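Structure record follows, encoded as structure tokens.
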Amino acid sequence: MNRPALRTDDTRDSTNAQEFTLRGVPAMVAAGLIRPEQAAGIEAVTRRYAMAITPDMARIIDAGDPLDPIARQFVPTEAELVTTQDELADPIGDTAHAPVKGIVHRYPDRVLLKALHACPVYCRFCFRREQVGPGGETLSDAELEAAIGYIRDRPAIWEVILTGGDPLMLSPRRLGAILDRLEAIPHVATLRIHSRVPVVEPSRIGPALLAVLTRQKPLWIAIHSNHPRELTEAARAACRSLIRAGATLLGQTVLLRGVNDDAAVLEALFRAMVAERIKPYYLHHPDLAPGTAGFRLSIDEGRAIMRSLRGRLSGLAQPTYVLDIPGGAGKVPIGPNMVEPGGVRDSAGRLHPYEHD
């Protein structure tokens, strides 16, 4: 789809980094991230799916390595135009659980609030890739009022999770106003934000944003990072600032072929997270988003990687390996299962007798 320019207001404390975000094929050619002869094919990809690569991520891409794991996450390829039979435009069924615009209510005690659909970068494996992009919808004042009213009217809602798009792309003023209104709802006990910003564009984490993230109720920020090289010194400093502002940090990672489908890479990532007081929370099996087949491992491959981490990595650094069931039935842990007929298998693969039903 053709996408109009992103409408923005005051989204950051420093204003110059966005000027250098790579947003089109000519910029990628000039940066050496794609070859000129690839341009026409990749133009077709960017007409369908949004692309943007921030300076922070462009800086750490090794353009001379055709297998660079950072480039693989952000640089489009023509393979994205191939949709397999099992891939879905809405792979985790957001639409089926959207009672009002901007709300996804899949579980009784929590809802997603999607205030906008813009991101600082566009991951090539994104499960919402048919929805997000520059010019993607932002909730109007009336739509936001209806979404917050839905939450206010349902006392069973204990947690509100701001996602999107990336909530930290909102201006501090607008984000603060949303958080204030949610925090004022008595039965909302805790708030959560899912974001790539602290890793891919840490310059956004400035004083104005930090001020509105200091809350009376618990605020959790789930930070999406897939490779240890993403945790640059600037990213680590941004995470420390968030902690000083009172947020508790969680880590979210997607298991991706060619990026982190290796126990040593994940070990380094999860250790780096813990070193910065980020608790690895979920390791997501890739969703069935269109054009993403090249990123997906089998569940058995994922379980084998997780099994190998059990004996070498502290429980503090162990995320839960999860699958979002296609169609919207929800997120479930998928292993590894160490309990088998006849006993329990240790991380080295040895079976130990243990009576169980």
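The values are calculated or read from the model by the stated rules, or taken from the named source; none is laboratory data. Values in this document were obtained by computation on a predicted structure and should not be read as measured data. Cβ: placed from backbone, ideal geometry, glycine included. Neighbour counts: every protein chain shown. Calculation scope for accessible area: heavy atoms of the full protein, side chains included, ligands and nucleic acids excluded. Shrake-Rupley method; radii C 1.70, N 1.55, O 1.52, S 1.80 Å.
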5 Å-binned pair-distance histogram of region 179-234 (Cα, whole percent): 4, 16, 23, 22, 15, 11, 6, 2, 0
Accessible surface of region 63-153 [probe 1.4 Å, protein heavy atoms]: carbon and sulfur percent: 58 percent
Separation of the GLU301 and ALA237 label points, Cα + 7 Å toward Cβ, nm: 3.8 nm
Cα gyration tensor of region 93-219 - equivalent ellipsoid semi-axes, whole Å, descending: 22, 19, 13
Solvent exposure of the chain as accessible area per residue, Å², 1.4 Å probe: 43 Å²
For the chain, calculated [θ]222 nm from helices alone, where every DSSP H run of n ≥ 4 adds -39500 (n - 2.57): -8000 deg cm²/dmol
Protein accessible area in region 244-357, 1.4 Å probe - carbon and sulfur %: 53 percent
Area of HIS352 that stays accessible when all protein chains are in place (1.4 Å probe, Å², to 10): 80 Å²
Cα centroid separation, region 223-243 to region 305-338 (Å): 22 Å
With DNA, RNA and ligands ignored, accessible area of MET306 (1.4 Å probe; Å², nearest 10): 10 Å²
Dipole moment magnitude, nearest 20 debye, the chain about Cα centre, only Lys, Arg, Asp, Glu C-beta charged: 740 debye
Global size of the chain as Cα Rg and Dmax, reported in angstrom: 20.4, 63
Inter-part distance where region 41-73 and region 86-105 are each reduced to a Cα centre, Å: 27 Å
For region 27-144, diffusion coefficient by Stokes-Einstein and Kirkwood Rh (Cα), 10 °C, 1.306 mPa s, µm²/s: 98 µm²/s
